[in-house]
Amino acid sequence: MIEVKVTDPHNFEKAMRIFKKACQKDGFMMEIKERRYYSKPSEKRRTKAKKKF
């Protein structure tokens, strides 16, 4: 779980920026994109092999 602590409660944009960066660093957004559609295990292996190069 990702928590964002901001001292200024009026600065919502700053909190959203920090939250988005934390999600990207954690890999949360990539996981959501990968789970959006089903991909066969063979396709997963193929894309994994492509990422190595």
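Read-outs: derived from the displayed coordinates by stated rules, not from any lab. All values reported here derive from a predicted model rather than from experimental measurement. Every residue, glycine among them, receives a Cβ derived from its backbone with ideal geometry; neighbour counts consider all protein chains shown.
Can you give the convex hull volume of the alpha carbon atoms of region 12-52 per residue, in Å³?
Residue-normalised Cα hull volume stands at 75 Å³.
Go through 18, 42, 30 and say which Cα lies farthest out towards the positive end of the charge dipole of region 12-52; charges sit on Cβ, +1 for Lys and Arg, -1 for Asp and Glu.
The residue sitting farthest along the positive end of the dipole is 42.
Fewest to most neighbouring Cβ within 10 Å: what's the order for 12, 53?
53, 12
Placing +1 at every Lys and Arg Cβ and -1 at every Asp and Glu Cβ, with all other atoms neutral, what dipole size does the chain have around its Cα centre, in debye to the nearest 20?
620
Which of the lysines could a cross-linker bridge to residue 33, judged by Cα under 20 Å and excluding same-chain residues fewer than eight apart?
Output for residue 33: 20, 21, 25, 44, 48, 50, 51, 52.
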